[in-house]
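J.: One structure, pasted below without further comment.
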Amino acid sequence: MLGILVPLSVCLASPPTAQRLTLYVSKLGDNSTGRSWATAFRTLQSALDAVPYGGGTRIVVRPDTYMEANLHPAHPGRSGAYNELIGDTDGKLGGGRKGHVVIDSGDPSRGFKSCDWWGPIRATLKGWSPEHTEETFSAIGWDRWRLSGLYVTGGDGGLMFDCTNRVEPFTVIVEDCVSIGRAFGGGVASCLSRPDEPTTFRRCKLWALDWWGDTAAAYVRVENKAMPVKPDVVFEDCVMVSPQCALKAGNYGFHSCSRVRATRCALIALNFSQPAGTPTDGIIQSVQHGKYLHVELEDSTLMGYKVFGSAVNKETADEIGCTLCGSVRAYVQFQQDVPNGMIRLAAWPTETFTDLIPPATRSDAGPSAAQTTLVRRDMCEVSPFVWKGRLYLLECHRPASGGKREEYALVIRDVETDAEVARFAEGYSLASAMVWRGKLRVFASRFEADNWNDVTMFSSADLKTWEQKVVIQQEPGERLFNSSVCRTRDGFVMAYETNDPKWPAFTARFARSRDGETWEKLPDAILGSDRYAACPCIRYADGWYYVLYLEQRTPLWRFETYIARSRDLRNWELSAANPVLVPTALDDGINASDPDIVEYRGKTLLYYAVGDQRTWMNTKRAEYAMRLGAWLRGWFRQDGVPTR
């Protein structure tokens, strides 16, 4: 059934939003009030819980990965004052970096979690099947919310809002989002619509991953007793992709009517099976009966086995209401018909198929590496240094775990010739190197009794004869791991890694020395009192102490290198452009750790380890075409505004 598409102006305009409060979400915040980037909440749910009644609240989220599921706000918005959940993907709202704001509802240790009712948006219906015993919960709390700049994945539904037992007027605006789910890429269900305030998806990539049962890239079920004259749900400039169908309305046993508009959209069903196989019922489906769905299509392209279908009453597919406007094109299996008024495509629509892929977004807030190379296999900790004008690498030889004393040693290697220059310090590892006044000083931890102990300094003027002394002794119950030393205006500062039980996981502590020989601990100088901070590498420039360190991206088994700076070793500012290093290449595993850095011939060379943090580690080097001081400054704002 075809008709003429009339303009839809009022309902497609974004609703006005009277801003009253802005809350911030960032893994770099201190998780206190959420009223600034410095005090940002570290989880989305914490911010949603803090939303007051009355509407107009905006939540701004820094690019990162948030392993969260079943999100629900404390309060809905209201007419003229929508609440907002916004990903600061371009950093213009103060987050400090570009990138995806990823909401991943998968299991943090085991991955994709495809359970019914488990996903980014909380909704449950007790008794829906014998397995569903959790109390009923409605997504109605998302009424009059606007969501923007989010990348949602890992669960059963993406941005799918099921109001379950509260069949009430409901509107949500979703813009510039990637939304992926097993069953649904996005949509609404069990609600009523507002004729002049429809639910709207704009510029979104919607993906469903399953081909069986109740699934669709975009799903709509509005409980109208008769077909409305205005759309319940509007899709603008969206791409909807699924193995089964791009757009679906209704469900088994439901007899309600839904009206949907798609403008400048690509609707793609990936199942192009032969007729004798198991082809999809249609790119657009009305599950129970064709008459319960009316679609308005404008300037859109459809790809799939056939255009329309119904899963229950297959013969009613031609009763799906259809209004066409502009260029509506269909690329279908050659034996299938297309409705009158659609343009049948004979050639593969390459430009439409290209639109399937979500846009790549990478951070460019910090200095960019011009070149990254693999340096050593089966090697974790290394420390570069310049000795008499040549670049050398201090290598820490040790087994992955355990082992005998003789398996632990330090090796110095000429980078240009790859020749071994020295081998010393049997039983030691986790070392760093520093050159001062004609001597190489190496700081290492001793492996003994199956653990790491003290920090010992080895020094030599010829790389042949070595002196050694313990410079940092561990406290009772404490273990000492990686250490790093830098020259300052009035002496030296050491950062050393400890597992002090007073602090979470690994913590960077500090010591000071006037001469590089005698060291004094600074008991109140700490980096990592509230976070995992391992493998520190410290440098000093322009009155600032800079520390590269390792963060575990809890609850994930994933490790990234961050950078922080301080003027007093007590108050730390984390770069808003973090992370510095992430595992992205195919051979990186899940790790970018153990950083050490040097300036050589006008370039900054950053050595780091990749691997799985369990069984294997390799060493890589990133080169930056700038001096070290400029590289360090480049990770921070220059206006003095804290980015933490």
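The values are calculated or read from the model by the stated rules, or taken from the named source; none is laboratory data. What you see is a predicted model, and the numbers here were worked out from it, not measured in a lab. Because the Cβ atoms are built from the backbone with ideal geometry, glycine has one as well, and the counts that use them run over all protein chains shown.
J.: Could you check the stretch 537-560 and list, in sequence order, the residues that are closer than 12 Å to LEU632 by Cβ and of a type in the set (Asp, Glu)?
T.: ASP542
J.: Have a look at ARG514, ARG539 and point out the one that is in contact (Cβ under 8 Å) with a residue 40 or more places away in the chain and of a type in the set (D, E, K, R).
T.: One residue alone meets the criteria, ARG539.
J.: Which condition breaks for ALA576 when tested against (1) modelled with pLDDT under 95; (2) surrounded by fewer than 23 Cβ atoms within 10 Å (Cβ to Cβ)?
T.: (2)
J.: Which condition number does GLY629 fail, the rest of (1) surrounded by fewer than 20 Cβ atoms within 10 Å (Cβ to Cβ); (2) in a strand (DSSP E or B); (3) of a type in the set (Gly, Ala, Ser) being met?
T.: The single condition GLY629 does not satisfy is (2).
J.: Next up: Scan the stretch 271-292 and tell me whether some residue there is assigned to a loop (DSSP other than H, G, I, E, B), farther than 25 Å from ILE357 by Cβ and touching a helix residue (DSSP H, G or I) at 6+ places or on another chain (Cβ under 6 Å).
T.: Scanning the stretch 271-292 turns up at least one residue that is assigned to a loop (DSSP other than H, G, I, E, B), farther than 25 Å from ILE357 by Cβ and touching a helix residue (DSSP H, G or I) at 6+ places or on another chain (Cβ under 6 Å).
J.: Sticking with this structure for a sec: Among GLU68, GLU84, which is the only one that is within 14 Å of ARG146 (Cα to Cα), among the charged types (D, E, K, R) and in contact with a strand residue (DSSP E or B) (Cβ under 9 Å, 6 or more places away or on another chain)?
T.: GLU84
J.: Could you list, in sequence order, all residues of the stretch 41-53 that are farther than 23 Å from ALA81 by Cβ and in contact with a Ser or Thr (Cβ under 8 Å, 6 or more places away or on another chain)? Steps first, please.
T.: Of all residues in the stretch 41-53, those farther than 23 Å from ALA81 by Cβ come to 42-43.
Selection gives ARG42 alone.
J.: Does any residue in the stretch 618-631 that is on the phi > 0 side of the Ramachandran plot and free of Cβ contacts under 8 Å to residues at least 60 places away in the same chain come within less than 8 Å, Cβ to Cβ, of a residue that is assigned to a helix (DSSP H, G or I) and surrounded by fewer than 16 Cβ atoms within 10 Å (Cβ to Cβ) six or more places away or on a different chain, and which pairs are these?
T.: none
J.: Are any of the residues in the stretch 218-234 at pLDDT 95 or above, out of contact with any Asp or Glu (no Cβ under 9 Å at 6 or more places or on another chain), acidic (Asp, Glu) and in the same structural domain as VAL152 (by TED's automatic domain parsing)?
T.: Yes - at least one qualifying residue is present in the stretch 218-234.
J.: Can you pull out every residue in the stretch 304-346 that is of a type in the set (Val, Ile, Thr) and closer than 22 Å to THR263 by Cβ?
T.: Listed by number, the residues that qualify are VAL307, ILE320, THR323, VAL328, VAL332, VAL338, ILE343.
J.: Is there a residue in the stretch 386-403 that is polar (S, T, N, Q), free of Cβ contacts under 8 Å to residues at least 24 places away in the same chain and either at negative phi or out of contact with any Cys (no Cβ under 8 Å at 6 or more places or on another chain) (or both)?
T.: Yes, the stretch 386-403 has at least one match.
J.: Suppose we keep only residues that are of a type in the set (Phe, Trp, Tyr) and crowded, with 20+ Cβ neighbours inside 10 Å within the stretch 579-615. Which one would you say is nearest to the chain's Cα centre (by Cα)? Step through it out loud before you land on a result.
T.: Residues of the stretch 579-615 that are of a type in the set (Phe, Trp, Tyr), as a first pass: 600, 607-608.
Of the ones still in play, those that are also crowded, with 20+ Cβ neighbours inside 10 Å are 607-608.
Numbers: TYR607: 24, TYR608: 21 Å.
Selected residue: TYR608.
J.: Right, next: Looking at ALA69, ALA47, can you tell me which residue is in a loop (DSSP other than H, G, I, E, B), modelled with pLDDT of 95 or more and among the aliphatic types (A, V, I, L, M)?
T.: Exactly one residue qualifies, and that residue is ALA69.
J.: Can you find a residue that is in contact with a strand residue (DSSP E or B) (Cβ under 6 Å, 6 or more places away or on another chain), crowded, with 21+ Cβ neighbours inside 10 Å, in the same structural domain as GLU560 (by TED's automatic domain parsing) and on the phi > 0 side of the Ramachandran plot anywhere in the stretch 452-465?
T.: Within the stretch 452-465, none of the residues are in contact with a strand residue (DSSP E or B) (Cβ under 6 Å, 6 or more places away or on another chain), crowded, with 21+ Cβ neighbours inside 10 Å, in the same structural domain as GLU560 (by TED's automatic domain parsing) and on the phi > 0 side of the Ramachandran plot.
J.: If you check every pair at least six apart or on different chains, which have Cβ atoms under 6 Å apart with a residue in the stretch 260-278 that is under 24 Å from GLU351 (Cα atoms) first and a residue that is part of a loop (DSSP other than H, G, I, E, B) and among the β-branched types (Val, Ile, Thr) second?
T.: LEU267/ILE283; ALA269/THR280; ALA269/ILE283; ASN271/THR280
J.: One residue is enough: does the stretch 291-308 have a residue meeting the conditions in contact with a strand residue (DSSP E or B) (Cβ under 7 Å, 6 or more places away or on another chain), buried (at least 23 other Cβ atoms within 10 Å of the Cβ), farther than 25 Å from THR200 by Cβ and at pLDDT below 95?
T.: The answer is no; no qualifying residue exists.
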